[in-house]
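None of the figures in this text is laboratory data; all of them are computed from the coordinates on show. Keep in mind it's a predicted model, so treat the numbers as computed, not measured. Glycine also receives a Cβ, built like all others from the backbone with ideal geometry; neighbour counts cover every protein chain displayed.
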Amino acid sequence: MFSLGLVFCNDEPVHGSSQKLWIVVEVRIFVGILCFNLFSGILPLRMHGEPVSSQDYVFERYHPCDDIGFENIYDIELGAGTSVWFASWGDGIARVDETSWRHYSEDSESPLPSNFVKSLTFHAERNQLWAATTKGVVVISGDEVQKVPLPENFEPTCVLINDDQTVFIGSRKGQVISSSLSRFDLSGKFNWETLLEAGPGNSFSVDEMIEGADGNIWVARNRSGVVRLSSGETRNFTPEETGVKRANQIIRLSDDTLILAGSGTPSRFKGGQWQPISALEAVYRSCELVDGNLIFGKLNGNIITLDGSKIEVLWNPDQSNIRIRSIVQDHSGRIWLGEKGGIIKGAPRR
């Protein structure tokens with residue numbers, strides 16, 4: 001269209017110069033669109049593969065055991081083999097695999113200290129599940145539940161075990177402590193190193209931690225923003241810098257981009273700065289699927305994905321009070337959702 005316009009306006013068009021002008025226009029248009037999409041947050045959030053759609057999965061309520069009303073799911077974690085672990089705020093911990101179901105609670109033979117469980121972390125090398133409850137951190141190995149010795153009055157919220165086999169534990173008051181797993185002794189006291197002190201108010205709760213590609217530890221600290229912990233330096237990114245009012249979840253994608261989600265617009269960290277994904281809003285959780293697609297759980301319960309500027313709804317619940325607190329895809333491709341009413345399973349259509 002532009003080359004015809006140029007030829008029409010030029011009394012003596014030269015084929016070579018017209019072709020050069022066409023190329024320049026094309027390049028400028030492409031760069032302009034790329035920059036607009038990048039900063040407006042509507043580039044496809046997909047690493048590879050075809051975009052996912054509502055036709056790819058069938059979502060339904062999942063009841064692992066008729067005898068236990070396992071509800072109020074706060075976290076989901078993949079375990080060894082086909083096992084999937086669920087943390088409940090009030091019903092303890094459940095482990096589900098292809099053939100069995102196991103429940104851990106205050107009433108178990110090897111009991112939990114509390115049925116109110118905030119988060120889970122699976123350590124594959126030792127085949128252990130670490131769980132943060134309101135009354136301490138526990139390590140589950142098979143049928144055995146052992147409590148981790150923590151500093152006095154420490155209220156754990158989440159656990160991270162990084163590639164260097166260091167354990168990091170965050171607290172409701174904003175503290176982060178660490179210890180080498182190689183020297184860990186569950187039978188007695190242990191000297192923890194404090195990496196991050198408690199905040200001055202109730203808005204500093206450590207909701208999640210991840211390890212970046214460079215080995216830095218990223219701490220999602222609710223309403224106070226995100227903290228990057230590196231050797232000799234602590235950098236705090238405020239909610240104004242990240243664009244996320246409440247930093248509830250932070251994940252690392254396969255291309256090492258960080259995604260931060262909370263109660264509003266999610267944001268991504270790449271190239272040294274946070275960039276809000278302005279095409280999305282009211283996002284509480286996110287998850288990268290095996291095929292590279294990113295899916296998001298909204299505050300109204302919808303599960304969505306973003307392909308360019310198009311929002312695709314994968315699941316629209318029949319209730320308006322659903323808040324997705326956790327999203328995980330297992331090794332067989334199923335998508336597991338955790339929310340107040342219980343567990344939702346998204347099975348791939350065959």
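What to note about this one:
- Length, then width, then depth: along the principal axes, the Cα atoms of segment 41-348 run 55, 50, 33 Å.
- Rel. contact order, % - alpha carbon contacts under 8 angstrom, at least six apart, segment 231-350: 14
- For q = 0.17, 0.20, 0.22, 0.26 Å⁻¹, Debye-computed log10 I/I(0) when each Cα of segment 83-137 counts as one equal scatterer: -0.50, -0.69, -0.82, -1.09
- Label point of Asp185 set 7 angstrom out along Cα-Cβ; within segment 123-156, amide nitrogens under 17 Å from it belong to 147-151.
- Above-threshold pairs, the threshold being 30 Å between Cα atoms, out of Lys245/Lys340; Lys135/Lys340; Lys147/Lys270; Lys135/Lys270; Lys173/Lys270: Lys147/Lys270; Lys135/Lys270
- With each label modelled as a point 7 angstrom along the Cα→C-beta vector, the Glu240-Leu253 pair spans 2.8 nm.
- Using 0.36 nm per residue and subtracting the Cα-Cα separation, the extra length available between Glu152 and His123 on full extension is 7.9 nm.
- Calculated FRET efficiency for the pair Asn202/Asn321, C-beta based, R₀ 22 Å, to 0.05: 0.35
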